[in-house]
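Shown next, in structure tokens, is the structure this report addresses.
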Amino acid sequence: MEWFERYFEFDKYGTNMKTEVLAGITTFLTMAYILFVNPQILSAAMGKEAFDSLVAVTALSAGFTTILMGIYAKKPFALAPGMGLNAYFAYTVAPKYGWKVALAAVFVEGLIFIALTLTKVRSAVIHAIPRSQKYAIGAGIGLFLTLIGLNDVGLLSAQVEGAKDAVIPLGKTVLLSGTLKFTGLNTDVLLSKQILLFVFGVLLTGILIARRVKGALLISILTTSVLGWITGAAPWPEKLFSTPTISYTFMQMDLHGLLSAGALGVVFAFFMVDFFDTLGTVTGLSAKAGFLTRDGRVPDAEKVLLTDAIGTTFGAVLGTSTVTTYIESAAGIEEGGRTGMTALVTGFLFLAIGLFIAPLAGAIPAFATAPALVIVGYYMLSALKEVDFSDHTEALPAFLVLITIPYTYSIADGIGAGFISYTVLKVFSGRWKEVHPLMYALAAVFAVYFAYLGGLF
């Protein structure tokens, strides 16, 4: 026990083992849905027979990479196959090139990330981003989390071009997938058991945090789940144990097919979205945890980003889409998690739950975890107070980040809107010297990226 306290520097961060363990459990429960959502999405491309392997692969990639984050980078950040990227994999790339070629694209993307991280290009990009953009990204991610929470319970009604779903089909609107049109609350479900329990969860969490009760999010998740099981709003766990297998997806990358199919543009698309989604998530989480230095830098950024890059490559070998740092880590940070011990706990839970007792994790209903996402979104929005709203060249780009992330359902798109607008406003306001040289390059890269999405080339 003392070794853990010294290694993770509990005294430096003002934390203790109880707080870190509780934070790790909270992070896991908030993002445990990926154990079931990711296999559901990817099996649409790989076939139903891949489902069991995908459950195990999701758990293994999340578990080992999150443990690496805890031990190597010593940060309370959890990783797993990313939402949105898995949808792009399943609904755009795999149908055109095959899922084995898609895995190869993810594998190559991961190798590129490793190279960029080892040469410190990735961390240099993070340090080039102005503070107002970093805090706006954190706040935008907060709204994004809230949107995910509302969507999880079916409370938010929307219409997506080309889709028949009444609510936002999670992960299907992120990339190359049409326009998202909000149409208001889904009034058809307002008095359902699920929504009433969701509201109960939000209010219970609010009361607990107002009274400064430690473990508020975790208490709310567990209490709401039990009430859901008792009232029949969600089924009780049918069984506790399952046998893991990864035979269907392990080492199935088709690198030759990637080259012969001319799918290098797919690598670029994966690269762009993953790079800036991770960048935004890491900076937002670091701001929330209080890790940012006075000049807005992320300490040990190279270690965090290298872990993320290794996770992507490792995940492709196992047979899943891009592994990335999760914004749901904010739930554990909100519970007081400040060290790698939080990630260590989360990673071990992914291995234990995902590999052996997945049915129990599946019994945690969405209406029980959604309140945590909403409350964390509320907390992360507080980062906006660090933005100087008296300076329009800082505030307006921050505002564009804030609204673009949730409205486009894409962190990367929000970052692009912010980078381009920030650079343009500074230049045409005669304040071009305030822009870091790398920001000009990043703005240009995003302009090319948006042109690619628009089909200009």
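Centre-to-centre separation between the Cα atoms of segment 383-433 and those of segment 302-354: 28 Å. Taking a Cβ cut-off of under 10 Å around Gly138, the surrounding Lys, Arg, Asp and Glu residues balance to a net charge of +1, with basic ones at +1 and acidic ones at -1. In the chain, the sites counted are GluC sites (Glu not before Pro) in DSSP loop states with at most 10 other Cβ atoms within 10 Å, and the longest stretch holding none of them, exclusive of the sites, is 239-457. Taking other residues whose beta carbon is less than 9 angstrom from the beta carbon of Leu373, and scoring Lys, Arg as +1 and Asp, Glu as -1, yields -2.
What's the extension gain from Ala444 to Phe348 if we count 0.36 nm per residue and subtract their Cα-Cα distance? Could the numbers behind the result be given before it?
Values: separation 96, 0.36 × 96 = 34.56 nm, distance 4.10 nm.
Between Ala444 and Phe348, full extension yields 30.5 nm more.
At a Förster distance of 35 Å, what's the computed FRET efficiency of Val427 paired with Leu111, Cβ-Cβ distance as r, to 0.05? Show your work: numbers first, answer last.
Working: r = 35 Å, r/R0 = 1.00.
Efficiency, from the Cβ-Cβ distance: 0.50.
Put a dot 7 Å past the Cα of Thr293, heading toward its Cβ, do the same for Thr231, and the two dots end up 5.0 nm apart.
Please label the shape of the chain as rounded, prolate or oblate, based on the square roots a ≥ b ≥ c of the eigenvalues of the alpha-carbon gyration tensor (a/c under 1.5 means rounded; beyond that, a/b larger than b/c means prolate, else oblate).
Note, shape of the chain comes out rounded.
Once fully extended, how much extra length lies between Glu5 and Ser247, figured as 0.36 nm per residue of separation less the alpha-carbon to alpha-carbon distance?
Working: separation 242, 0.36 × 242 = 87.12 nm, distance 3.85 nm.
Taking 0.36 nm per residue and subtracting the Cα distance, the gain is 83.3 nm.
Screening the chain for DSSP H helices whose Cα atoms reach 30 Å or more along their own axis and whose mean Kyte hydropathy is at least 0.5 gives 131-152, 264-289. Using 0.36 nm per residue and subtracting the Cα-Cα separation, the extra length available between His256 and Leu196 on full extension is 16.4 nm.
Using a cut-off of 15 Å between beta-carbons, work out the net charge of the residues near Leu400 (Lys and Arg +1, Asp and Glu -1, Leu400 not included). Neighbour charge sum, excluding Leu400 itself: -1.
From the Kirkwood radius over Cα pairs of segment 1-74, Stokes-Einstein at 37 °C and 0.692 mPa s returns a whole-number translational diffusion coefficient of 230 µm²/s.
Taken together, the values in this text are just the output of simple stated rules run on the coordinates, not laboratory data. Computed from a predicted structure; not experimentally measured. Virtual Cβ from ideal backbone geometry, glycine too; neighbours counted across all protein chains shown.
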